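Below you'll find the structure, written out as C-alpha cells, and then a few comments.
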Amino acid sequence: MSPSPRLLTADECAGEWGVKTGTWLGYVSRGQAPAALPERDAAGRRVWDAEQVRAFPRPGVGRSRAGAGPAAEALLAEMREVADRMEELRVRQRELLRAGKRDGLEVQAMSRALGLSRQTAYGWLADDGRSAP
C-alpha cells in the first residue's frame, strides 16, 4: 500500500509558487498548473497533490532561472548586449534629432528618418529644452 499524498489547498499551492491564490486558480483554469484532485478536504475545498505542484513547471514572468543551463545564460547575456547597443543607438538618435533641429529640419522628416514617432521626437526635443542649462 502506497502512502497517501500530502494534500494542499489552493491557498497553500499559491504559497508554494509564490503567487496570490487568484493567480494560482487562473493557472489551473488554463492548464498551466496541475489539476485539482477529485477528492476534497474536510472543509469541502479542492486539493492538489503537493509533489505534483512542486514538480510542475511554473509559467509566468516570475519563474526562476535557477535551472537554466549554459545555453540559456548565453542567450540572456546576448539579450543584455543587444539592449546595451539599443541604448547607445537611442542616444545617437537624440543627438541627430538635436542636430536636425539646429539645422531647421522638420520634425516629421526627422522622425521618419530615425524610425521614431513624431510624438517621441517632440517629447525628446521638449525634454532636451527643459534639461538644457
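Throughout, read-outs are computed from the coordinates displayed, never taken from laboratory work. Since the structure is predicted, the reported quantities are computational estimates derived from the model, not experimental observations. Quick reminder, even Gly has a Cβ in these numbers, built from the backbone with ideal geometry, and neighbours come from all protein chains shown.
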With viscosity set to 1.306 mPa s and temperature to 10 °C, compute the Stokes-Einstein D of the chain, Rh being the Kirkwood radius across alpha carbon pairs; µm²/s, no decimals.
80 µm²/s
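Return Lys20, Lys101 ranked ascending by Cβ neighbour count within 10 Å, so the fewest neighbours appear first. Let's see the in-between values first.
Numbers: Lys20 12, Lys101 17.
Starting with the residue having the fewest Cβ neighbours, the order is Lys20, Lys101.
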Classify region 7-55 from the C-alpha gyration tensor, please: rounded if a/c falls under 1.5, else prolate or oblate depending on whether a/b exceeds b/c.
rounded
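Which shape class applies to region 70-131: rounded if a/c is under 1.5, otherwise prolate when a/b exceeds b/c and oblate if not, where a ≥ b ≥ c are the square roots of the Cα gyration tensor eigenvalues? Before the final figure, lay out the partial values.
Details: a/c = 3.34, a/b = 2.71, b/c = 1.23.
Here region 70-131 falls in the prolate category.
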Name the residue farthest towards the positive end of the dipole of region 70-131 from the options Leu89, Ser111, Leu76, assuming +1 on Cβ of Lys and Arg, -1 on Cβ of Asp and Glu, about the Cα centre.
Ser111
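Rounded to the nearest 20 debye, what is the charge dipole size of the chain about its Cα centre when +1 sits on each Lys and Arg Cβ and -1 on each Asp and Glu Cβ?
On the way: 21 positive and 18 negative charges, 81 e Å.
Taking the Cα centre of the chain as origin, the dipole is about 380 debye.
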